[in-house]
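Reviewing the structure listed below.
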Amino acid sequence: MASKFNGSTSIPIIPVPPPYGEMPFVSKVEEVFLKTEVFCLRFDHLMKDILRVSFDYEPLKVPFDLICSTLEVVNAQLTKIDDTIQRIVRDFAAVEDGLEELHSSVNRYLFGLCSLAIVLH
């Protein structure tokens, strides 16, 4: 069970014969040791991957910081644009309401003129 992996070593398991036959927990201990060894190997892989990503990220940190600050500026500008659009929507709704009132008023006026013309004829 002892193995070497990329410079990391595991603790060798040396079987020790039981004094009076096999003890019932020995197989469970061996299973736990094996699972622990697998866990350690996977954890070692994970740490290597994390370090590799960290080293790859370091040269990108300054551009990312610049991108983040640029995105904050763009976000502020987009927020202003969104506020302006909301104001325009409210203004358009007010104009639309005014046009409907004007349309209704003109229709009433025309109806009144038509009624007067009919009465006068």
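Every number in this text was worked out from the coordinates using simple rules, so none of it is lab data. Computed from a prediction, not measured in an experiment: that's the story for all the values here. Glycine also receives a Cβ, built like all others from the backbone with ideal geometry; neighbour counts cover every protein chain displayed.
Quick rundown of the values:
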{"read-out": "Table column - 3J(HN,Hα) (Hz), the stretch 110-121, Karplus curve with 6.51, -1.76, 1.60, x for Gly and Pro", "value": "5, 4, x, 5, 4, 4, 5, 5, 5, 5, 6, 7"}
{"read-out": "Distance (nanometres) between label positions extended 7 Å along Cα→Cβ at Leu120 and Ile11", "value": "11.3"}
{"read-out": "Theoretical gain in end-to-end length, Val29 to Leu102 [0.36 nm per residue, Cα-Cα removed]", "value": "17.3 nm"}
{"read-out": "Evaluated over the stretch 4-120, the Cα radius of gyration and Dmax, each in Å", "value": "40.3, 130"}
{"read-out": "Sequence-distant aspartates and glutamates (8 or more away, or on other chains) whose Cα lies within less than 19 Å of Lys80", "value": "Glu72, Asp91"}
{"read-out": "Net charge contributed by nearby residues that have their C-beta within less than 12 Å of Val89 (K/R +1, D/E -1)", "value": "-2"}
{"read-out": "Local electrostatic count, Glu58, Cβ distance below 13 Å [Lys/Arg +1, Asp/Glu -1]", "value": "0"}
{"read-out": "Point-to-point label distance, Val73-Thr36, nm (Cα→Cβ direction, 7 Å offset)", "value": "5.7"}
{"read-out": "By average C-beta atoms within 10 angstrom, highest first, the peptides 31-40, 85-94", "value": "31-40, 85-94"}
